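Take a look at the structure below.
The values are calculated or read from the model by the stated rules, or taken from the named source; none is laboratory data. Note that the structure is predicted; figures quoted are calculated from it, not measured. Here the Cβ positions follow ideal geometry from the backbone for every residue, glycine too, while neighbour counts run over all protein chains shown. The accessibility values were calculated without ligands, DNA or RNA, using every heavy atom of the protein model including side chains. Shrake-Rupley method; radii C 1.70, N 1.55, O 1.52, S 1.80 Å.
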Amino acid sequence: MIYIVQNFWPILAATLAGLAVGVAHHLATGRAAHAPVATRPPLLVIALVAEFWLACILAGALILAPPEAPRWVMAMATPVVIWIGFVAPALVVTHAYRRISLRLAAFDAGHWLVVMVVQAAVMTLIGLKAPVS
């Protein structure tokens with residue numbers, strides 16, 4: 001977990017970028033009126049913590065990417081693989097159990113794909129440091 005401390009600023013920047021995507025998503029779709037996550041301070045803090053943790057895990061995956069692979073290929077492929085393997089299935093199952101439409105599940109999953117790609121791009125632009133052993 002030392003990589004989180006060593007990469008605090010890129011992770012924080014990615015967190016804020018991901019949060020901005022979420023706020024823009026809610027405002028652009030009109031969903032803010034129904035679920036004002038972006039505008040209520042306690043929910044904003046929860047979202048900030050969750051986005052930070054997502055950026056931490058994504059940073060770890062980017063650091064562990066094969067060094068011989070092109071940097072930007074890994075930056076864009078890593079969040080997609082994590083999204084396909086974990087985020088999308090979890091959202092589909094959660095929405096199915098709650099009897100929420102598959103269309104809304106796909107919409108929400110797409111939102112998280114955009115967040116993860118933006119976070120990976122921000123961290124790649126700033127640069128991540130592998131932990132020194």
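Condition check ((1) more than 24 Å from residue 28 (Cβ to Cβ); (2) free of Cβ contacts under 8 Å to residues at least 40 places away in the same chain; (3) basic (Lys, Arg)) across all residues:
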{"residue": "75", "(1), (2), (3)": "yes, no, no"}
{"residue": "83", "(1), (2), (3)": "no, yes, no"}
{"residue": "88", "(1), (2), (3)": "no, yes, no"}
{"residue": "91", "(1), (2), (3)": "no, yes, no"}
{"residue": "111", "(1), (2), (3)": "no, no, no"}
Check: Given the structure, is residue 44 assigned to a helix (DSSP H, G or I) and modelled with pLDDT under 85?
Finding: yes
Item checked: Filtered residue count, region 38-78, keeping only those that are open to solvent by less than 80 Å² (accessible area, probe 1.4 Å) and of a type in the set (Phe, Trp, Tyr) -> 1
Item checked: Set 105, 96, 130, 88: member being touching a Ser or Thr at 6+ places or on another chain (Cβ under 9 Å), farther than 20 Å from residue 20 by Cα and either aromatic (Phe, Trp, Tyr) or surrounded by 12 or more Cβ atoms within 10 Å (Cβ to Cβ) (or both) -> 105
Note to self: Where the second residue is open to solvent by 60 Å² or more (accessible area, probe 1.4 Å) and the first is closer than 15 Å to residue 51 by Cα and lies in region 113-133, which pairs have Cβ atoms under 8 Å and are six or more apart or on separate chains?
What the structure shows: 117/76; 120/76; 121/76
Item checked: Test for residue 34: is it modelled with pLDDT under 90 and either within 15 Å of residue 115 (Cβ to Cβ) or surrounded by 18 or more Cβ atoms within 10 Å (Cβ to Cβ) (or both) -> no
Checklist line | Residue in region 108-117 that is least open to solvent (accessible area, probe 1.4 Å), counting only those that are β-branched (Val, Ile, Thr) and touching a Pro at 6+ places or on another chain (Cβ under 9 Å) | finding: 115
Next item on the list: Restricting attention to region 53-75, report how many residues are outside any loop (DSSP other than H, G, I, E, B) and either more than 12 Å from the chain's Cα centre (by Cα) or charged (D, E, K, R) (or both).
Entry: 9
Next item on the list: Identify, from the list 92, 81, 87, the residue that is touching a Phe, Trp or Tyr at 6+ places or on another chain (Cβ under 6 Å) and either on the phi < 0 side of the Ramachandran plot or outside any helix (DSSP H, G or I) (or both).
Entry: 87
